[in-house]
Number of protein chains: 2
Amino acid sequence: LQSTVTDLLLELRPSPHRAGRRAALENALRGAIRDGRLREGARLPSTRALAADLGVARATVVEVYEQLTAEGYLRSRRGSGTVVGGSVPAAARALGETRDRPRPRFDFIPGEPDCASFPRREWLAALRRVLLTAPADLLGYGDPRGVGELRAALSDYLGRIRGVAADPRSVVVFDGVGAALGMLGEVLVAAGRGSVAVEDPGMPFHREILRRVGVRVVPIRVDDHGLSVDDLEATHVGAALVTPAHQYPLGVTMSPERRAALIAWARRNDALIIEDDYDGEFRYDRQPVGAVQGLAPDHVVYAGTASKALAPGVRVGWLVLPPHVRDAVTVARAWRGGASQLEQAALADMLGRGDLDRHVRGRRAAYRHRRDLLLARLADRVPLLEVPGVAAGMHVTVRLPDGVDDVAVARHGPSASLALFPLAPHWSVDGWSGLVLGFSRPTERDFPAAVDALTRFLADQLSSAAT
Amino acid sequence: LQSTVTDLLLELRPSPHRAGRRAALENALRGAIRDGRLREGARLPSTRALAADLGVARATVVEVYEQLTAEGYLRSRRGSGTVVGGSVPAAARALGETRDRPRPRFDFIPGEPDCASFPRREWLAALRRVLLTAPADLLGYGDPRGVGELRAALSDYLGRIRGVAADPRSVVVFDGVGAALGMLGEVLVAAGRGSVAVEDPGMPFHREILRRVGVRVVPIRVDDHGLSVDDLEATHVGAALVTPAHQYPLGVTMSPERRAALIAWARRNDALIIEDDYDGEFRYDRQPVGAVQGLAPDHVVYAGTASKALAPGVRVGWLVLPPHVRDAVTVARAWRGGASQLEQAALADMLGRGDLDRHVRGRRAAYRHRRDLLLARLADRVPLLEVPGVAAGMHVTVRLPDGVDDVAVARHGPSASLALFPLAPHWSVDGWSGLVLGFSRPTERDFPAAVDALTRFLADQLSSAAT
């Protein structure tokens with residue numbers, strides 16, 4: 001393998017600059033992992049050996065390993081060095097898919113809703129009303145905060161269903177939370193506050209996007225009550241990105257004591273809480289816990305999306321921003337895209353008519369039913385699995401027995417027509433083994449068969465692991 | 001004024017870090033200019049005086065002045081120090097507009113098409129066809145390069161009308177060229193190639209976006225034949241961002257010799273040409289000159305947009321990428337937005353049916369007529385003005401007589417119901433005085449009155465300047 005890595009580097013033009021050498025090594029490794037030349041689980045040479053072999057500073061290799069570990073390309077196993085990561089990040093995965101690998105029939109990808117249920121008729125009707133009545137200015141570059149009608153409708157909707165304290169001036173619309181988070185990260189870096197705590201385990205895409213814009217990402221442990229604020233206190237970050245209503249991926253809700261402690265931390269340090277309320281509409285056992293933002297609107301950036309309630313193909317997400325960061329984020333957004341203004345207006349129309357509420361109610365019932373079915377079948381057929389988390393959202397994370405490698409299990413999924421996603425890349429350091437099972441993506445019709453295939457496969461995998 | 005600047009800084013919390021102090025001063029000045037506390041043309045204290053007054057290093061003040069000059073907030077007048085810039089950048093302008101300043105009736109903003117002519121019926125019909133027939137996957141997260149049908153349709157369209165050598169794999173769709181440019185800039189910075197030449201005068205938004213993602217921007221002089229490749233040779237940049245078909249703002253076309261020299265430069269230095277073909281569909285006196293990309297597809301990133309041919313409110317732009325940067329740009333785009341997939345499919349549908357071609361033909365005739373009318377009236381009523389550039393696009397830049405301050409002229413525009421845009425912020429150093437007149441934004445009905453108001457106003461301004 002060492003010679004593979006060395007060969008890869010030799011393909012590259014030599015760079016006289018350390019930054020260039022680092023980038024070259026990083027890109028070569030990333031490319032080799034992405035296209036399969038370096039296989040999952042393969043062990044990399046030690047930093048010392050590789051540095052000597054390539055004639056570069058050991059620190060360069062260390063930085064590259066750290067970066068790629070953070071991105072999920074590599075994993076650091078205590079006592080056994082660095083290995084090629086369990087799954088490449090979702091972005092790279094998607095890139096791989098575009099290279100004509102067929103997608104397995106039963107897809108447990110987390111975070112993607114049942115797109116077959118998209119309300120096409122209502123959406124087209126909303127667009128027709130918009131196109132019949134909107135002034136020409138709606139087709140122009142428009143307000144860099146987004147379409148006024150949508151900002152007004154969202155203020156109302158978020159206040160009503162999530163307890164968010166918003167007014168139209170505090171809302172900025174983006175073409176998704178990813179874009180929003182990248183621009184917010186840029187603003188924090190420019191203000192000299194470029195260290196952000198994230199949850200560990202957490203969303204790989206949070207870490208990827210923040211790192212990409214120059215943020216130093218500081219992973220903080222999550223337990224059954226959410227992010228450990230004690231651990232957060234020990235850092236010197238200026239912001240913390242959290243998922244309080246339904247922690248991703250573990251599915252726990254942040255306890256009231258933790259919420260209070262988090263807000264106290266932000267007040268005491270004049271820090272920012274970034275609350276990603278990605279699936280806040282979907283709680284099944286009780287009223288959703290309100291957004292943290294409602295308790296401390298001056299210290300919280302609230303992020304939400306139409307990707308779960310409606311569909312990701314309609315690219316709309318939003319931030320609710322405290323006054324002191326509003327202008328900087330708006331200027332960052334100006335000239336760099338933003339959601340289609342016709343679709344923003346259509347979403348405002350659907351919100352105003354109650355069409356989105358109706359759609360969400362229908363989806364909530366369907367997803368609740370799916371979750372119940374999935375958990376019942378898992379308890380029945382794979383009783384070994386633990387399932388932490390509350391009755392909410394569009395995914396459950398199941399804990400695999402000790403010694404069962406989630407990456408290996410996921411890799412075998414396609415043989416049973418299953419797309420499965422290991423927990424491993426959600427950890428920044430080694431954590432327990434699990435699968436993040438998104439139960440929203442299969443169609444209604446396919447879902448029972450998907451659960452059957454899944455439970456049969458898992459029972460099989462665990463029994464072979466036990467022998 | 002010095003005390004105003006000092007007062008501004010005193011409002012801020014002191015920062016123990018130099019980067020924090022710099023950011024604080026920069027933000028305070030930017031905010032004060034944006035909201036009018038510091039007026040256009042006001043002279044700033046010298047860097048030495050301000051540094052002493054604030055108790056910061058002079059280098060800090062120099063950096064802040066340079067940054068804000070680059071962004072257009074400040075201008076450096078040879079021999080007369082630093083003054084508040086002619087017009088704040090468009091992003092900030094838009095932000096100001098959101099604060100309820102009414103927009104003048106006759107708006108000569110460059111770059112925004114006549115949105116009243118948007119083909120609403122055809123667009124709705126395309127969306128209806130898409131919603132009736134598209135698979136559910138179109139509503140999902142989808143391919144990070146954009147919708148396949150659109151990439152295929154664009155390859156064909158761009159080859160046909162612009163001579164671009166594209167295939168569907170080389171096209172990546174974004175929610176606008178601004179977003180695309182930001183992500184391309186990130187990729188260049190990450191690869192250790194973060195110095196990019198831009199045209200001087202050039203698009204302020206190019207410079208703003210590149211700087212924002214950490215690119216070092218190197219302005220290169222433009223003459224009647226386009227960017228000076230001789231000046232480019234003297235730099236050590238890894239990429240050059242140009243507008244060869246219709247230089248913005250001067251309106252000249254890059255000569256064949258310059259195009260050849262530019263390509264030779266890129267080949268010799270293994271550098272990247274970034275070709276922003278923002279209004280390539282609109283040439284009035286002859287066939288448009290083909291894209292440079294067609295001559296050297298391995299060395300050119302081609303950028304195009306639906307914002308001019310269709311409307312900016314439909315957020316769609318694209319890059320055609322050489323193989324060696326494709327993957328990195330695609331991964332940068334993944335998870336950070338991208339255009340609505342429904343609208344991408346609708347645009348593909350319009351392209352496939354020839355509806356976009358038909359719309360562009362109609363707009364081309366209309367804009368050509370507008371340009372002819374504008375130039376005839378200007379020649380008639382304000383014969384002093386020089387108008388460089390070819391018969392193309394949606395704007396003309398007029399040169400004001402020496403000694404006439406374009407910023408002052410533009411500032412008086414609203415008194416005659418005119419929104420006017422000075423050339424000043426397009427220069428990185430002091431250049432000649434002019435106005436960038438976008439002739440596409442007024443409605444067909446308003447246009448003759450807009451030209452009358454403009455020519456009357458300019459004749460008036462120039463005669464009072466002459467006395």
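The values are calculated or read from the model by the stated rules, or taken from the named source; none is laboratory data. None of the values given here were measured: they were computed from a predicted structure. Don't worry about glycine lacking a Cβ; one is built from the backbone with ideal geometry, like all the others, and counts go over all protein chains shown. Side chains included, ligands, DNA and RNA excluded: accessible areas come from the protein's heavy atoms. Shrake-Rupley method; radii C 1.70, N 1.55, O 1.52, S 1.80 Å.
Some notes on this structure:
- In the range B:112-142, the residues that are acidic (D, E) and more than 9 Å from chain A (Cβ to nearest Cβ): B:E122
- Complete set of residues in the range A:251-287 that are part of a strand (DSSP E or B) and either open to solvent by 20 Å² or more (accessible area, probe 1.4 Å) or touching a residue at least 40 places away in the same chain (Cβ under 8 Å) (or both): A:L272, A:I274, A:D276, A:R283
- Evaluation of A:R99 against (1) assigned to a loop (DSSP other than H, G, I, E, B); (2) at pLDDT 95 or above (one fails), failing number: (2)
- Flag if A:Y284 is among the hydroxyl-bearing types (S, T, Y) and within 21 Å of A:G163 (Cβ to Cβ): yes
- The conditions of being out of contact with any His (no Cβ under 9 Å at 6 or more places or on another chain) and farther than 19 Å from B:P448 by Cβ are not met by B:R377.
- Which listed residue, of B:R445, B:R441, B:R456, B:R381, is open to solvent by 70 Å² or more (accessible area, probe 1.4 Å), within 14 Å of chain A (Cβ to nearest Cβ) and touching a helix residue (DSSP H, G or I) at 6+ places or on another chain (Cβ under 9 Å): B:R445
- Verdict on A:A116 being open to solvent by 30 Å² or more (accessible area, probe 1.4 Å), touching a residue at least 24 places away in the same chain (Cβ under 8 Å), outside any loop (DSSP other than H, G, I, E, B) and in contact with a Ser or Thr (Cβ under 7 Å, 6 or more places away or on another chain): yes
- Every listed requirement among (1) touching a helix residue (DSSP H, G or I) at 6+ places or on another chain (Cβ under 6 Å); (2) buried (at least 24 other Cβ atoms within 10 Å of the Cβ); (3) more than 7 Å from chain B (Cβ to nearest Cβ); (4) of a type outside the set (S, T, Y) is met by A:V177 save one, (1).
- Number of the condition not met by B:W432 [criteria: (1) in contact (Cβ under 8 Å) with a residue 40 or more places away in the chain; (2) more than 14 Å from chain A (Cβ to nearest Cβ); (3) hydrophobic (A, V, I, L, M, F, W, C)]: (1)
- Among the residues of the range B:24-58, those identified as modelled with pLDDT under 80, on the phi < 0 side of the Ramachandran plot, touching a strand residue (DSSP E or B) at 6+ places or on another chain (Cβ under 6 Å) and in a loop (DSSP other than H, G, I, E, B) are B:L38, B:E40, B:A42.
- Within the range B:143-161, the set of residues being crowded, with 22+ Cβ neighbours inside 10 Å and either touching an Asp or Glu at 6+ places or on another chain (Cβ under 7 Å) or within 14 Å of chain A (Cβ to nearest Cβ) (or both) comprises B:P144, B:R145, B:G146, B:V147, B:L150, B:R151.
- Any hit, the range A:184-194, residues being within 26 Å of A:E112 (Cα to Cα) and open to solvent by less than 30 Å² (accessible area, probe 1.4 Å): yes
- Any pair with Cβ under 8 angstrom, 6 or more apart, that starts in the range A:370-388 at a residue that is more than 21 Å from A:D446 (Cα to Cα) and ends at one that is open to solvent by 60 Å² or more (accessible area, probe 1.4 Å): A:L385/A:R399; A:E386/A:R399; A:V387/A:R399; A:P388/A:D224; A:P388/A:R399
- Among the residues of the range B:180-208, the one identified as within 12 Å of the chain's Cα centre (by Cα), modelled with pLDDT of 95 or more and within 9 Å of chain A (Cβ to nearest Cβ) is B:L181.
- Scanning the range A:268-295 for residues that are at pLDDT below 95 and small (G, A, S) yields A:G280, A:G290, A:A291, A:G294.
- Of the numbered criteria (1) closer than 15 Å to B:L184 by Cα; (2) not in a helix (DSSP H, G or I), the one B:A311 fails is (1).
- Count of the range B:59-93 residues, restricted to those that are surrounded by fewer than 22 Cβ atoms within 10 Å (Cβ to Cβ), in a loop (DSSP other than H, G, I, E, B) and modelled with pLDDT of 70 or more, is 1.
- Any hit, the range B:303-314, residues being away from every other protein chain (no Cβ under 14 Å), among the hydrophobic types (A, V, I, L, M, F, W, C) and either crowded, with 21+ Cβ neighbours inside 10 Å or within 24 Å of B:V398 (Cβ to Cβ) (or both): no
- The set of residues in the range A:288-302 that are of a type outside the set (G, A, S) and open to solvent by less than 20 Å² (accessible area, probe 1.4 Å) comprises A:V292, A:Q293, A:V300, A:V301, A:Y302.
- Only one of A:D355, A:D349 that is of a type outside the set (S, T, Y), at pLDDT 95 or above and touching an Asp or Glu at 6+ places or on another chain (Cβ under 7 Å): A:D355
- The range B:352-374 - residue that is in contact with a Ser or Thr (Cβ under 9 Å, 6 or more places away or on another chain) and of a type in the set (D, E, K, R) and, of those, farthest from B:A449 (Cα to Cα): B:R363
- B:A136 passes every criterion in (1) touching a Pro at 6+ places or on another chain (Cβ under 7 Å); (2) surrounded by fewer than 21 Cβ atoms within 10 Å (Cβ to Cβ); (3) more than 19 Å from B:R326 (Cβ to Cβ) apart from (1).
- Scanning the range A:315-354 for residues that are surrounded by 23 or more Cβ atoms within 10 Å (Cβ to Cβ), outside any helix (DSSP H, G or I) and more than 10 Å from chain B (Cβ to nearest Cβ) returns A:W318, A:L319, A:V320, A:L321.
- All conditions in (1) within 14 Å of chain B (Cβ to nearest Cβ); (2) under 19 Å from the mean Cα position of the chain (by Cα) hold for A:H426, with the sole exception of (1).
- Counted residues, the range A:216-228 - those being in contact with a Lys or Arg (Cβ under 9 Å, 6 or more places away or on another chain) and buried (at least 23 other Cβ atoms within 10 Å of the Cβ): 2
- Being surrounded by 23 or more Cβ atoms within 10 Å (Cβ to Cβ) and either of a type in the set (S, T, Y) or farther than 25 Å from A:G313 by Cβ (or both) holds for only one residue in A:P201, A:P168, and it is A:P201.
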